[in-house]
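Trainee: Encoded as structure tokens, here's the structure I'll be asking about.
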Amino acid sequence: MTLHLVKLCVGADSVESLQAWIDFRVEQARAAGLGAHTTHTTRMVPTRREELLDGGSLYWVIKGKIQARQHLLDIRPFTDDAGVKRCDLVLEPRLILTQYQPKRPFQGWRYLKAEDAPKDIRAGGDVQNMPDSMRRDLTELCLI
């Protein structure tokens with residue numbers, strides 16, 4: 001059964017700024033001779049690895065709402081130079097826009113059941129191509 005993670009996106013104030021950061025990190029990885037993926041390092045290691053890697057995604061909370069997700073490709077635990085256990089979440093570099101879903105602040109990440117995850121916004125649709133601020137306004141007015 002597929003399981004997802006949800007995490008606050010600290011430092012990005014829009015989906016566009018998150019995608020710009022992802023693009024920058026992919027270019028760094030390519031320059032270093034690594035694959036075209038991104039990693040997000042977290043301190044806690046998910047214990048439900050098999051469920052997460054069975055089609056799971058990392059859902060990003062931006063400005064108090066889940067707005068996008070990235071496919072989760074791998075989970076790589078490691079110990080850093082200070083002896084602290086950490087985990088790299090290996091992610092596909094493409095963001096998939098989702099319907100907005102309000103989420104209260106929390107620390108770290110949380111598991112998200114598949115049935116509780118917001119639906120994707122279909123690729124190529126008018127909603128996906130509109131600016132984030134317009135999409136946010138129309139969602140708040142219950143028009144999309």
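Trainee: I'm told TYR111 meets every condition in (1) modelled with pLDDT of 95 or more; (2) outside any loop (DSSP other than H, G, I, E, B); (3) open to solvent by less than 50 Å² (accessible area, probe 1.4 Å) except one. Can you identify the failing condition by its number?
Mentor: (3)
Trainee: Would you confirm, using the coordinates I've provided, whether ILE75 is of a type in the set (A, V, I, L, M) and out of contact with any Ser or Thr (no Cβ under 7 Å at 6 or more places or on another chain)? Talk me through it step by step, then tell me what you get.
Mentor: Details: of a type in the set (A, V, I, L, M): yes; out of contact with any Ser or Thr (no Cβ under 7 Å at 6 or more places or on another chain): yes.
The answer is yes for ILE75.
Trainee: Run GLY55 past the list (1) surrounded by 11 or more Cβ atoms within 10 Å (Cβ to Cβ); (2) within 13 Å of the chain's Cα centre (by Cα) and report the number of the one that doesn't hold.
Mentor: In the conditions (1) surrounded by 11 or more Cβ atoms within 10 Å (Cβ to Cβ); (2) within 13 Å of the chain's Cα centre (by Cα), GLY55 misses (2) alone.
Trainee: Determine the pairs where a residue that is farther than 24 Å from ASP137 by Cβ, located within region 11-29, has a partner that is modelled with pLDDT under 90 and open to solvent by 80 Å² or more (accessible area, probe 1.4 Å) with Cβ atoms under 9 Å apart, the partner being 6 or more residues away or on another chain.
Mentor: GLN28/LEU34
Trainee: Is there any pair with a first residue in region 79-94 that is within 17 Å of TRP109 (Cβ to Cβ) and a second that is in a loop (DSSP other than H, G, I, E, B) and among the acidic types (Asp, Glu) whose Cβ atoms are under 9 Å apart and which are 6 or more apart or on different chains, and what are they?
Mentor: Qualifying pairs under 9 Å: ARG86/ASP80.
Trainee: Let me ask something additional. Could you go through region 7-22 and let me know if any residue there is open to solvent by less than 50 Å² (accessible area, probe 1.4 Å) and more than 14 Å from LEU95 (Cβ to Cβ).
Mentor: yes
Trainee: For region 95-108, which residues satisfy the criterion of being surrounded by fewer than 16 Cβ atoms within 10 Å (Cβ to Cβ) and not in a strand (DSSP E or B)?
Mentor: ARG104, PRO105, PHE106, GLN107, GLY108 - these are the residues of region 95-108 that are surrounded by fewer than 16 Cβ atoms within 10 Å (Cβ to Cβ) and not in a strand (DSSP E or B).
Trainee: In addition: Yes or no: VAL61 β-branched (Val, Ile, Thr) and in a loop (DSSP other than H, G, I, E, B)?
Mentor: Judged against the criteria, VAL61 is not a match.
Trainee: I'd like the residue in region 58-83 that is over 16 Å from LEU97 (Cβ atoms) and in contact with a His (Cβ under 9 Å, 6 or more places away or on another chain) and, out of all such residues, is least open to solvent (accessible area, probe 1.4 Å).
Mentor: Taking the candidates together, the pick is LEU72.
Trainee: Determine, yes or no, whether GLU27 is among the charged types (D, E, K, R), at pLDDT 90 or above, buried (at least 17 other Cβ atoms within 10 Å of the Cβ) and assigned to a helix (DSSP H, G or I).
Mentor: So GLU27 fails the test.
The values are calculated or read from the model by the stated rules, or taken from the named source; none is laboratory data. Treat the numbers as computed from the prediction; the structure is a model and nothing was measured. We place every Cβ from the backbone using ideal geometry, glycine too, and count neighbours over all the protein chains shown. The area values use the complete protein model at the heavy-atom level, side chains included, leaving out ligands, DNA and RNA. Shrake-Rupley method; radii C 1.70, N 1.55, O 1.52, S 1.80 Å.
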